[in-house]
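Each remark here refers to the structure printed beneath this line.
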Protein chains: 6
Amino acid sequence: MALNQETRDKLRQVSTATLATALYKRGFRTQFIQDVTPLRPLAESMVGEAFTLRYMPAREDLNRLEVFRDRAHPQRKAVEECPPGAVMVMDSRKDPRAASAGSILVTRLQVRGVAGVVTDGGFRDALEIGGLNIPAFHSRPSAPTNLTLHQAIDINVPIGCGDAPVFPGDVIVGDNDGVIVIPAHLADEIAEEATEMTAYEDFVTERVQGGQSILGLYPMTDESNQPLFKEWRAKKRR
Amino acid sequence: MALNQETRDKLRQVSTATLATALYKRGFRTQFIQDVTPLRPLAESMVGEAFTLRYMPAREDLNRLEVFRDRAHPQRKAVEECPPGAVMVMDSRKDPRAASAGSILVTRLQVRGVAGVVTDGGFRDALEIGGLNIPAFHSRPSAPTNLTLHQAIDINVPIGCGDAPVFPGDVIVGDNDGVIVIPAHLADEIAEEATEMTAYEDFVTERVQGGQSILGLYPMTDESNQPLFKEWRAKKRR
Amino acid sequence: MALNQETRDKLRQVSTATLATALYKRGFRTQFIQDVTPLRPLAESMVGEAFTLRYMPAREDLNRLEVFRDRAHPQRKAVEECPPGAVMVMDSRKDPRAASAGSILVTRLQVRGVAGVVTDGGFRDALEIGGLNIPAFHSRPSAPTNLTLHQAIDINVPIGCGDAPVFPGDVIVGDNDGVIVIPAHLADEIAEEATEMTAYEDFVTERVQGGQSILGLYPMTDESNQPLFKEWRAKKRR
Amino acid sequence: MALNQETRDKLRQVSTATLATALYKRGFRTQFIQDVTPLRPLAESMVGEAFTLRYMPAREDLNRLEVFRDRAHPQRKAVEECPPGAVMVMDSRKDPRAASAGSILVTRLQVRGVAGVVTDGGFRDALEIGGLNIPAFHSRPSAPTNLTLHQAIDINVPIGCGDAPVFPGDVIVGDNDGVIVIPAHLADEIAEEATEMTAYEDFVTERVQGGQSILGLYPMTDESNQPLFKEWRAKKRR
Amino acid sequence: MALNQETRDKLRQVSTATLATALYKRGFRTQFIQDVTPLRPLAESMVGEAFTLRYMPAREDLNRLEVFRDRAHPQRKAVEECPPGAVMVMDSRKDPRAASAGSILVTRLQVRGVAGVVTDGGFRDALEIGGLNIPAFHSRPSAPTNLTLHQAIDINVPIGCGDAPVFPGDVIVGDNDGVIVIPAHLADEIAEEATEMTAYEDFVTERVQGGQSILGLYPMTDESNQPLFKEWRAKKRR
Amino acid sequence: MALNQETRDKLRQVSTATLATALYKRGFRTQFIQDVTPLRPLAESMVGEAFTLRYMPAREDLNRLEVFRDRAHPQRKAVEECPPGAVMVMDSRKDPRAASAGSILVTRLQVRGVAGVVTDGGFRDALEIGGLNIPAFHSRPSAPTNLTLHQAIDINVPIGCGDAPVFPGDVIVGDNDGVIVIPAHLADEIAEEATEMTAYEDFVTERVQGGQSILGLYPMTDESNQPLFKEWRAKKRR
C-alpha cells in the first residue's frame, strides 16, 4: 500500500496536531512519538513511509569500532537501503546517552533522497545535521558513538519509537510539534480529513483573531458560522 | 487584593531570579514552577494574577471529541472567562504526553487581553503559539489533543503547577528562566524589594564587567562600594 | 601535566563526537557529560583544564542568604580562584531545580579569562549568560538561588558531572553536542588523533555530499579511497 | 448510585487483573492506579466507594505544624468524615517524598469502619499500618510529615491517583497486584462479568495444572472445553 | 551451543554477584538486567538458556481481546514453544504499566518444564505466580492486560531486557539480587571460574565472621592465607 | 560532639516519623534520606554517628579489579576504619545500577561493631546482608561490582545521600520507614523531644483504638485530654 503522491502532498500541508485529532476520532491514542524535536524549525511537514532500524543494548565484545568495516552492518546497510522518499525511524529505546547516528550518515540519507530521519535517542553532530536539507528529529544531542550503548540488529521490522508503535510502511509525518505515525491503511482517509479540518481551523483562527468567541465556533455548534465558512472557502479557493 | 498597576509595572522589569531570592529571604523555597520554558524569548517579564485550570487524568468515556460541543466544558469556559491582565495557569500534572491547549485557544486568550498562559504539560501548535503576542510557557511541544490524557475539571481552584503551589490571585511572573509564583499578599513588597535588588545587581554587573572582584561587592560587605552605588543610582536615575 | 597550547589549539577544531570515538577506542565509555547543552550555539569548541566545584544538598540552617557575606564561601572563592584558561565544572548532582550560579558570577569568570563553565544543574539569568563571551553549559534554566538546594562544599576535588568522572586537570572540551572529559594524561595523543580523524571525516563528508556511498569509505575499507584522500589533504593543506 | 452489598461481595472475590480485563473490553485503559502496593499481603480484595482527598504542593507559610490545631483542616476532616465502607483515595501527585498520612490517622479510619486507604504517595509508620486491620496501599514508606510537601485542599472532588481518574463514588478494588477504579455506573455489571470470568479462569488454571495446553482453552476457541467447564461449575457449585 | 548439565549444575550454586564480577573481568559491564526482582525469595539460582519474546507498543486496532483467539498469537505461541529447561525473557521496554503475562501463562510454563521467566515489565496475579514452582522476575505487579500497552511481535530474536543485551541461547541466571545474562560462548568458563570464586568467597566469609580483617584477605594479597584456604577446601571437599 | 549513650538509647525507641516532625518544627525539611529501605524489618531503630564514604562515577582505567589489591583503596579502608557504633553512609549518587558493597564487607562491618550501613545505591548479596546482625538500608539489590559504576574517592567528608545532606558526626537513625539525619548539635534535644512526642503518640494511638476521635486529641487542643494523658503516663511509668 504505497503512499500516493496526492496523499503525500496533502500531508505536507497539515499539522501533527490535526492528524493526532483525526487519529483520536478513530480510537488511536498512542501514535505520537513522545519527546522528539526537530533539529531546526521546519517550514513544511516531513512526510514519508516508515523504514525502520531497531537497536538493542550493545554488548561490548560485539561492538568494537571494527564492526563498521563489515558492509553488512545493519546500521550502515540501513542507510544505504532506505528508499528515497521514505523516513528512517530508529528504535533507540528512548536512550539518548549515545548517538543513534551522526552527520555523515544523515548526509548520505539526504543525498539518497530520503525524506527524513527520526530517533527516540539522540544524534551526534546535531548542529551540522540541523544544517542539512533533510528533516531530522531526536530527543537531545549525544556525542558518544552508537556502539557505546546501541547495537543495530534489525532492519524494517515493527518497532517502538518514543512509545509509539511503528510498522514498516506506516506514514510518518513530522512538524515543529514532533512526529506522528499514521497506520498505512488509513493514510489516504486521514490525509483527506485532516485537510478539511485544517481549512476549518484556519478559518477559525482568522475569526478568533478578528475577535469572535470560540463558543459555537470551535467546534461549530452555532450553525450561523456555516455560511461564513463556505464563503471563506470560496474566497480562499480551499 | 488586586494587583495594582505600579506593582505590575515594577514586576515587568525584574527577573524571576531576583524574585526567587526575595521569596527565599521570606522562607519560600518552592514557588518556582519547575521545568517550563517560554515558547519564544521574552523581551520583558510576563506579569498577571493567576487564573487556574485543573486537569485530571482523562477517562475514555467522558472525553470523546463531542464534549467540546458543550459550551460549559471547563477548558473552553476557562478560555472565555480568564480575566484580561490575568495569567492562565494549568495544572497538567507535569504530563506533556498530550496537549494542554493549542494555538486557537491561545489566540483567543491573546485577543481577550490575557497576560500569559502557563502549563506544566505541553502545547500543540507550539511554533504558532510562539508567534503570538502573548507569553506562553510549557514543558515541551505535544501534538495529541488534551482529551487523550487530560480532562479539564475545575476552574480557579488552588492547584499545583510544576511542583509549585498556585492559588487564584497569586501574582505570576515569567521570563526566560521560567515562571515564579508570588503569594498575593506579598506582591507589593516583593516587587518593591526586587526593584531595589535589581538596581544593585545592575550596578554590580557593570562593576564586574569593569574588572572588580565580587568579593566585598556581591553581597556588599565592603562599605566603600556604598558611595559608588549611590553615585551610580543618581546618574542612572534609579 | 599542563595543557599545552598546541593541544588546546587542536582541540578547538575538533568535535566532541570525534573525541568520544577516540576515547571509545581506548575503552572509555562514560566521559561524555550527559544532558547538558550550551546556552547559545558555539562557533568553536570550548577547551580548558577542569577546575571543579562540588555541591552537596543544602541544609537549611547552613544556607541562609547571609552565608555569601563570608569571603571564604566555596562558591564565591571558586569563582575568584578558577585559573584563566580553565573550565569550571560543577557537580550539582544533576539537579536543576535550583541554580548552580547566575550571570554576575559567570560575568566575573569571563572577565577573569576563564575558558568556560559547566554544570549538570541549571543557571539562572540564562539569557544573559548566553549573551556573555564565555561558553556555558547546563541542563535547563533555573531561577531559584543555589542556596535553596545546593551547598558549595569542596573546591577542585574529583567529582561527577552528568554521570561522567571529572578529575581536576582533566581536559574539558565542549561544543554544540555537549561536553566531554579527556583524562589529563591522554590529552595530547587524543588531540592529535582527533585532528587526523577530523581531516578524514571532512573528506568523507565532501565525498558523500558528492554522491559516494559510505560503504568502503566510512570507514575506509576500500583502499581506492586512499589516494583520493591523500590528494584532498594536499589540496586542503591538512 | 450506592454500592450494593451483592456487588461488594462479588468484588471481594475477584482480582484486579480480571477487573482490568473486563474494563478493557469496554474501552477503559487507565483505571489501574499505577505503582501502589499493599502494606501487607491481602487475603481478600479491598472494596469500597471512593471518598477522595486532594493534596496540592505545600506553601511554607500555610503549613506550619499549628495548622493541625484547626479542626477544619481538610486532612483531619476527611479522616473523620470518610463514610464507613468507603475507601479513602488520596491524590498526592505521585510524590512519596513526604507522607500522605501516618498510623494514627489510619487507625482512626479503621476504627471508623472505613474499608481501605490508598495514596499515590507514601505512608509514614508503614510497618504499624501494615499491622492494622484495614487494607492500605502506597508507593513507598515516607517518614516526613505531609506538611513538608503536601497541603490537603479539597475533600471528595474528582482527582487523579497514580495516573488513574477517580471520581467520588467510583468503586475501588484492591488486591496484591494493586488498585483499580471501576466507574460507578458500571460496578454491578463489571462485578457480575468478572465473577463469571473468574470461574472460567479458575477452571482453566486447574486444567493447565493438569497438563492441558492453553491453546483452544484460554480463550476457549475449542468448543470441546465447554462441557468440561459446565461439569466443573456444577461440581464446584459456581 | 547447548547448555550442558555440568555447567547448569555449577551455575545453580553461584550468585549473580559472583557472575557479574567474572564477566566484569572480561570487559562486560551491562549484562545485569536492571530493576527486576524475584516474586518470592529463591533457595537456589534459576538457570537456563534464553528464549526471548519481544513486545512493541500496542496499537489499539491490533490489540482487541479477540486477538488471543488466534493460536498463532506470538505471546501464546511463545508460551507453548519455549523449550523445557529454558528461561523465557521478555522485552517489555521497561514498562510495567501493563502486564507482560499472568498466572495462567506462567503456570503453563511451569507445567511444561520451563526453568524460569523474566520480564522488565510486570506480571499480573503476582502473588499467585510467586506461589508457583517456577522462578519469576519482574519490575512490579501490574494488573492491566498486556494488550493495553504491549503487543507481542517477535519470538526468539535478540532483545534488550532491563538495559541488558539478550541473545537467544545466552545463559540466564537469576537469584535474589536479580538476573544476569552470560553470553552463550562463555557459559562454561564463567561457570567454572565462578565456582572457584565462590569457594574462596565462602572461605573469606568464614574468616571475616571469625574476626579477620579483609585487608590481605579479600582479595588475597597476603600469601599467608593460601595454606589456610587450601586446608579449608580440603576439609570442605570443595 | 560525641553521641552520648543516653541519647543513643532514646533514639532507639523513637521512629523516624517522629524525628522528622521534630526536625520540621526547627525548619529542617530535607533530612530524610529518600528511597532507601531496610534489607529486613527492624525491631528497634538503628542509631549511630555518620561515617561517610563518597563515590564518584568510575573511570574505566582506574577501576580494574586489581585496584582492590591496594590496601589504601578508600572503599576497603573505610570498612576497616569506620568506628564501632557509627553508621557508614555511602553517597552512591542515587545510582543502584552497580553495587555499593556486598556481604563480605558488610559482615566485616558487623564484626567490627559498626551500628549500621546505608547507601542510596544498592547492595549485592542482599539476602545474605539481610540475614546479618547489622541494619542495612539501600534502594534495591544490585549484583554488579561497584567498580562498574562507582569509584570510592573520599572518606568522611560531607556528602549527599538520597538527597539529604550528611555531615560526618551527624546522628543517623533508621527504622522501617527509612533513614533520617539529625544534625549533630541537635541530637540531644531532638532525642528528648521525640521521646516526649512518642509518649503522647502512644497515648493517642490507644485512645484512637478505643474509639476516640482525633479532633481535639491529635494535636491536643481539647484540654480535657491533659489529665487523661497524665494518668496514662503515670500508669505506664513514661
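Side notes on the structure shown:
- In the condition set (1) at negative phi; (2) touching a helix residue (DSSP H, G or I) at 6+ places or on another chain (Cβ under 8 Å), residue F:87 is compliant with all but (2).
- Taking the range A:146-166 as the range and being more than 11 Å from chain B (Cβ to nearest Cβ) and part of a strand (DSSP E or B) as the test, the residues that pass are A:150, A:151, A:152, A:153, A:154, A:155, A:159, A:160, A:161, A:165, A:166.
- With respect to being within 27 Å of residue B:97 (Cα to Cα) and either modelled with pLDDT of 95 or more or assigned by TED's automatic domain parsing to the domain that holds residue B:45 (or both), residue B:187 falls outside the description.
For every residue, the table says whether it meets (1) buried (at least 24 other Cβ atoms within 10 Å of the Cβ); (2) among the acidic types (Asp, Glu); (3) modelled with pLDDT under 95.
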residue: C:20; (1), (2), (3): yes, no, no
residue: C:23; (1), (2), (3): yes, no, no
residue: C:26; (1), (2), (3): no, no, no
residue: C:34; (1), (2), (3): no, no, no
residue: C:41; (1), (2), (3): no, no, no
residue: C:44; (1), (2), (3): no, yes, yes
residue: C:48; (1), (2), (3): yes, no, no
residue: C:54; (1), (2), (3): yes, no, no
residue: C:60; (1), (2), (3): no, yes, no
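- With respect to the stated conditions, residue F:169 is in the same structural domain as residue F:21 (by TED's automatic domain parsing) and either assigned to a loop (DSSP other than H, G, I, E, B) or of a type in the set (Val, Ile, Thr) (or both).
- Taking first residues from the range B:187-210 that are closer than 24 Å to residue B:5 by Cα and free of Cβ contacts under 8 Å to residues at least 40 places away in the same chain and partners that are of a type outside the set (D, E, K, R) and assigned to a helix (DSSP H, G or I), the Cβ contacts under 8 Å between residues at least 6 apart in sequence or on separate chains come to B:200/B:229.
- Residue pairs meeting the criteria (Cβ under 6 Å; at least 6 apart or on separate chains; first in the same structural domain as residue D:150 (by TED's automatic domain parsing), in the range D:69-93; second of a type in the set (Asp, Glu) and assigned to a strand (DSSP E or B)): D:86/D:49
- Residue C:12 being facing chain A (nearest Cβ under 9 Å) and either over 16 Å from the mean Cα position of the chain (by Cα) or of a type outside the set (S, T, N, Q) (or both): no
- Boolean, residue D:106 is more than 9 Å from every other protein chain (Cβ to nearest Cβ) and in contact with a strand residue (DSSP E or B) (Cβ under 9 Å, 6 or more places away or on another chain): yes
- Subset of the range F:15-34 (residues that are under 12 Å from the mean Cα position of the chain (by Cα) and not hydrophobic (A, V, I, L, M, F, W, C)): F:15, F:16, F:31, F:34
- If the condition is being more than 20 Å from residue A:96 (Cα to Cα) and either within 9 Å of another protein chain (Cβ to nearest Cβ) or not small (Gly, Ala, Ser) (or both), then the range A:63-74 contributes A:66, A:67, A:68, A:69, A:70, A:71, A:73.
- When restricted to residues that are free of Cβ contacts under 8 Å to residues at least 60 places away in the same chain and within 19 Å of residue F:74 (Cβ to Cβ), the range F:108-121 contains 4.
- For residue E:143, the stated conditions do not hold, so it cannot be described as within 14 Å of chain D (Cβ to nearest Cβ) and out of contact with any Asp or Glu (no Cβ under 9 Å at 6 or more places or on another chain).
- When the range F:77-97 is filtered for residues that are away from chain C (no Cβ under 11 Å) and more than 21 Å from the chain's Cα centre (by Cα), only F:77 remains.
- Scan of the range F:176-220 for residues that are surrounded by 16 or more Cβ atoms within 10 Å (Cβ to Cβ), of a type in the set (S, T, N, Q) and within 11 Å of another protein chain (Cβ to nearest Cβ), ordered by number: F:176, F:205, F:212, F:213
- Members of the range F:15-57 found to be farther than 30 Å from residue B:28 by Cβ, at the interface with another protein chain (Cβ under 7 Å from one of its Cβ atoms) and hydrophobic (A, V, I, L, M, F, W, C), listed by number: F:56
- Of all residues making up the range E:183-227, the number that are assigned to a helix (DSSP H, G or I) and closer than 17 Å to residue F:108 by Cβ: 11
The values are calculated or read from the model by the stated rules, or taken from the named source; none is laboratory data. Predicted model only: the values in this text are computed from it and were never measured. Every residue, glycine as well, gets a Cβ built from its backbone with ideal geometry; the counts of neighbours run over all protein chains shown.
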